[in-house]
Amino acid sequence: MRIVAIGDVGLVDDMVHLGDEAMFEQLVTMLRLRGIDDIVGISANPSETASRYGISAVDRIGFAFTGADARARMTDRKARVLRAAGGDPGALAAADPAWGVIEAIRSSDAVAIAGGGNIASNWPLHIFERAAIGELAALLEKPLVVSGQTIGPELTAADAPLVTALLSSARLVGLREGASLALVTRLGVPAALLTHTVDDASFLGEPTAAADQSTTCVVSLSMHLGGAPRDAFIDRMAQLLDGIVATTGLEIVFLAHFGSIHPGVSRGDSVLHDAVAAAMTSSRVRTVTPTTAGDAAMLARGASLVVTSRYHPAVFAVAGGVPTIGIPVDDYTTIKLTGALGNFGQIAILPVDEMLSGLGEGVVEATWNARGDIHSTGARRAEERRLDSEAWWDSVAAALRGE
């Protein structure tokens, strides 16, 4: 059978977002293990995605409008795409990329929306893209599954009905935090459709080295600081990491989750990493440049400690029982990092304002001193969550088959 799947994937300008790629990769892997290997991806770079995963791929519909009339243009575009799919050839230009998505879904057996955190009003283009795909699936009578999502927390009054309709049209909806589950329940999505899952990529790339054999502290920092002063953040983070080196003996390894695929090129997360490294006094610092999500997962799971304001380094680490300190910078990252750690029994959340106030050293000390318990508890939780995850993917495959 043929599945059309969308994730926020596809390298553009030689920049990779490893977390987004990780969720899509795990979807493809888990479906293949269940006998579904004819997959068409929807991507920002179809040829690159096709080559990376050994699948077919088409371009996105495209809702990247800006300006005061952006929402009106998105609404109009979605309506025209649906008219085109319903039989109006004049609704879209002949070369419009939406035709590729329409025909892919028309010739498919089912549609999947891969895990992610982009169904929020922070990124209305992603809401419209997924809402359009959901409506195309319904129009063309294809089963729809939505996997491993963070929803919101920001949803405007205009966006909430689109999200509610999308999720209510699916046969299954996976939500990776309790906060997302609660929000979707308040929106009125039927409870029978909803499952509280871990992140789709939690077990990507297993197995890996035992954390107690590692001498590294993996650090991943997003350029998004939630309004915190950049220079102050750099100085305090440098002090925090110097302290980690001094008290634990670990080497700091900077891992960019959004950055250039070319070693030595400072873009994305690497810009902040380079600034923090330059402000440190310790020389036990290096940078790695993984180009695959599997490599990034193994680096995080093979560490003795992870410090991150990025989401997926936390996801990978906690699933391996690695002590992890999440540094949220706003409500969105607080929900994601708290959820990622909490799913595997960890609690070390250090909000950026508390880090700037000098409270980070205490969190590091408590987390490091508890590393034995964290590792053993994480191993038990991982075994439970792994079984739950396998059951989830079994359900996804069955729903896509229409069972």
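For the structure I just gave you, tell me whether R310 is outside the structural domain of H17 (by TED's automatic domain parsing), of a type outside the set (S, T, N, Q) and under 24 Å from A232 (Cβ atoms). Yes: the conditions hold for R310. Name the pairs whose Cβ atoms lie under 8 Å apart, with the first residue in region 156-169 and touching a residue at least 24 places away in the same chain (Cβ under 8 Å), the second of a type outside the set (D, E, K, R) and loosely packed, with under 15 Cβ neighbours inside 10 Å, and 6 or more positions between them or separate chains? As it stands, the answer is T164/G188; S168/G188; S168/P190, since those pairs meet every condition given.
Is it the case that G226 is more than 14 Å from I327 (Cβ to Cβ) and under 20 Å from the mean Cα position of the chain (by Cα)?
Numbers: more than 14 Å from I327 (Cβ to Cβ): no; under 20 Å from the mean Cα position of the chain (by Cα): yes.
No: the conditions fail for G226.
Residues in region 340-364 that are under 27 Å from P229 (Cβ atoms) and either in the same structural domain as G178 (by TED's automatic domain parsing) or assigned to a helix (DSSP H, G or I) (or both): A340, L341, V352, D353, E354, M355, L356, G360, E361, G362, V363, V364.
Residue-by-condition table, conditions (1) among the basic types (K, R); (2) modelled with pLDDT under 95:
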position: F203; (1), (2): no, no
position: E206; (1), (2): no, yes
position: A210; (1), (2): no, yes
position: G227; (1), (2): no, no
position: R230; (1), (2): yes, no
position: D235; (1), (2): no, no
position: T248; (1), (2): no, no
position: R267; (1), (2): yes, no
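Taken over region 59-76, the residue count meeting the criterion of being under 20 Å from T156 (Cα atoms) and surrounded by 21 or more Cβ atoms within 10 Å (Cβ to Cβ) is 2.
Here M15 does not qualify as over 22 Å from E141 (Cα atoms) and crowded, with 24+ Cβ neighbours inside 10 Å.
Being β-branched (V, I, T) and within 16 Å of the chain's Cα centre (by Cα) narrows it down to one residue among T308, T367, T324; which is it?
Working: T367 fails: within 16 Å of the chain's Cα centre (by Cα); T324 fails: within 16 Å of the chain's Cα centre (by Cα).
Selected residue: T308, the only one of T308, T367, T324 that is β-branched (V, I, T) and within 16 Å of the chain's Cα centre (by Cα).
Just one of the listed residues (A275, A319) is modelled with pLDDT of 95 or more, hydrophobic (A, V, I, L, M, F, W, C), in contact with a Lys or Arg (Cβ under 9 Å, 6 or more places away or on another chain) and closer than 22 Å to V9 by Cβ, and it is A319. Are any of the residues in region 168-190 within 18 Å of the chain's Cα centre (by Cα), assigned to a loop (DSSP other than H, G, I, E, B) and crowded, with 24+ Cβ neighbours inside 10 Å? The answer is yes; a qualifying residue exists. Of all positions in region 142-150, at least one carries a residue that is farther than 20 Å from L400 by Cα and modelled with pLDDT of 95 or more. Of all the numbered requirements in (1) assigned by TED's automatic domain parsing to the domain that holds Y311; (2) in contact (Cβ under 8 Å) with a residue 60 or more places away in the chain; (3) farther than 19 Å from Y332 by Cα, T195 misses one, and that requirement is (1). Note on region 120-151: among residues that are more than 25 Å from E103 (Cβ to Cβ) and touching a residue at least 40 places away in the same chain (Cβ under 8 Å), the one that is farthest from the chain's Cα centre (by Cα) is P124. Residues of region 365-391 that are of a type in the set (S, T, N, Q), surrounded by 15 or more Cβ atoms within 10 Å (Cβ to Cβ) and in the same structural domain as F233 (by TED's automatic domain parsing): T367, T377.
Selection over region 97-124 of residues that are part of a loop (DSSP other than H, G, I, E, B) and either within 24 Å of S389 (Cα to Cα) or touching a Pro at 6+ places or on another chain (Cβ under 9 Å) (or both) gives a count of 4.
Residues to consider are S107, S47; find the one that is surrounded by fewer than 15 Cβ atoms within 10 Å (Cβ to Cβ), touching a Lys or Arg at 6+ places or on another chain (Cβ under 7 Å) and either among the hydrophobic types (A, V, I, L, M, F, W, C) or assigned by TED's automatic domain parsing to the domain that holds G19 (or both).
Working: S47 fails: touching a Lys or Arg at 6+ places or on another chain (Cβ under 7 Å).
Exactly one residue qualifies, and that residue is S107.
Of all residues in region 33-85, those being aliphatic (A, V, I, L, M), touching a strand residue (DSSP E or B) at 6+ places or on another chain (Cβ under 8 Å) and under 26 Å from A398 (Cα atoms) number 8.
Which residues, counting only those in region 346-379, are polar (S, T, N, Q) and over 13 Å from Q239 (Cα atoms)?
Initially, region 346-379 is screened for residues polar (S, T, N, Q), giving 346, 357, 367, 369, 376-377.
Q346, T367, N369, S376, T377 - these are the residues of region 346-379 that are polar (S, T, N, Q) and over 13 Å from Q239 (Cα atoms).
The values are calculated or read from the model by the stated rules, or taken from the named source; none is laboratory data. Since we're looking at a predicted model, the values are computed, not measured. Because the Cβ atoms are built from the backbone with ideal geometry, glycine has one as well, and the counts that use them run over all protein chains shown.
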